[in-house]
Amino acid sequence: MLGFGIDLAGYTTGKTTLAVVEINGRLAEATLLRDSPLSKKRKSSDSLRQVLEQETEVLRRCLAIAPVAVDVPIDLQGLPFPANPERIWQLTRRPIDRAVNAMPAFADRIGAPTARFAAIMRAGSFEAALGERLFEAYPAATLKTLKIEARQYKGKEGAQALSALCAALKITPPVDNDDDIDAIICAITAAVPTDAIHDAAALKVEGPMPKGFRIPKSLSFDKVDVRSAAFDTWMSAREVAA
């Protein structure tokens, strides 16, 4: 089982991480794919058309090989203009966001990535892939749902918690930033089969699920081996083999 994971950040941060995970029974091999156009730090004055051409090509190449899961809201279910809202929270959150206590899609730390991926979806016409080969993942909500102790593993002050989380997930060698571990969780989310995904009832969602949303039932492996590779080198080798 093979899957790609994207921990998507805003354009100007250069913090987006792309990973691929191959699962063989109780063992998993994660490769952090460096230097893709998705990970490049951009200036706000850069040509959006040129950037989107590069980014849609990355996503298209990945989807041709394996499913992809992205840590960003994709199916916004009508936000920021929901149909017939009855509760205040429905103005800013989807039912799944409320159920797993996720950030609203347009909160300050996630609004830029949300807008970024929406542009990629439009430019690449990827709507048909959503729920089939393209999925929305939530690493933090996944850890919470699976009752995996994560503490505050994000940011500069989270090194100790990040190390503990890598140990809990049996990731070796441990990664040194939260973007990498989130991308690995996204890749696992993409790789696992449909019957290994939580359904709406299990997540206690009061309303319709967004198309393509996934939280896996387990992140448990005997070992998750991690390595790094250049994006183009790894992809070219896999494309030739295919």
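The values are calculated or read from the model by the stated rules, or taken from the named source; none is laboratory data. Being a predicted model, the structure only gives us computed values, none of them experimental. As a convention, Cβ positions derive from the backbone with ideal geometry for all residues, glycine included, and neighbour counts pool all protein chains shown.
So here's what we get for this one:
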item	result
Test for Ala28: is it aliphatic (A, V, I, L, M), part of a strand (DSSP E or B) and over 25 Å from Lys204 (Cα atoms)	yes
Where Ile197 falls short, out of the listed (1) of a type in the set (Val, Ile, Thr); (2) touching a strand residue (DSSP E or B) at 6+ places or on another chain (Cβ under 8 Å); (3) surrounded by fewer than 15 Cβ atoms within 10 Å (Cβ to Cβ); (4) farther than 23 Å from Leu33 by Cα	(3)
Listing of helices (runs of 4 or more DSSP H) fully contained in the range 90-188 that carry 3 or more residues being at pLDDT below 95 and either more than 18 Å from Phe213 (Cβ to Cβ) or more than 14 Å from the chain's Cα centre (by Cα) (or both)	95-99, 111-124, 159-169
Residue tally, condition more than 29 Å from Val224 (Cβ to Cβ) and surrounded by fewer than 14 Cβ atoms within 10 Å (Cβ to Cβ), over the range 19-47	5
When residues of the range 60-78 are limited to those that are farther than 22 Å from Tyr11 by Cα and surrounded by fewer than 19 Cβ atoms within 10 Å (Cβ to Cβ), the one farthest from the chain's Cα centre (by Cα)	Gly78
Lone unmet requirement of (1) at pLDDT 95 or above; (2) out of contact with any helix residue (DSSP H, G or I) (no Cβ under 8 Å at 6 or more places or on another chain); (3) part of a helix (DSSP H, G or I) for Ala201	(1)
Qualifying residues in the range 118-143 (those that are surrounded by fewer than 16 Cβ atoms within 10 Å (Cβ to Cβ) and out of contact with any helix residue (DSSP H, G or I) (no Cβ under 9 Å at 6 or more places or on another chain)) - the one nearest to Pro193 (Cα to Cα)	Glu132
Evaluation of Ile110 against (1) touching a helix residue (DSSP H, G or I) at 6+ places or on another chain (Cβ under 6 Å); (2) of a type in the set (A, V, I, L, M); (3) closer than 22 Å to Gly14 by Cβ (one fails), failing number	(1)
Residue in the range 8-15 that is in contact with a Lys or Arg (Cβ under 7 Å, 6 or more places away or on another chain), buried (at least 22 other Cβ atoms within 10 Å of the Cβ), among the hydrophobic types (A, V, I, L, M, F, W, C) and not in a strand (DSSP E or B) present	yes
Candidates Ala115, Ala105 - the one that is buried (at least 21 other Cβ atoms within 10 Å of the Cβ) and either in contact with a strand residue (DSSP E or B) (Cβ under 8 Å, 6 or more places away or on another chain) or closer than 25 Å to Gln54 by Cβ (or both)	Ala105
Hey, Val100 crowded, with 20+ Cβ neighbours inside 10 Å, β-branched (Val, Ile, Thr) and in contact with a helix residue (DSSP H, G or I) (Cβ under 7 Å, 6 or more places away or on another chain) or not	no
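Okay, residues lined up against (1) under 19 Å from Gly5 (Cβ atoms); (2) not charged (D, E, K, R):
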position	(1), (2)
Pro95	no, yes
Met103	yes, yes
Asp108	no, no
Thr114	yes, yes
Ser125	no, yes
Glu132	yes, no
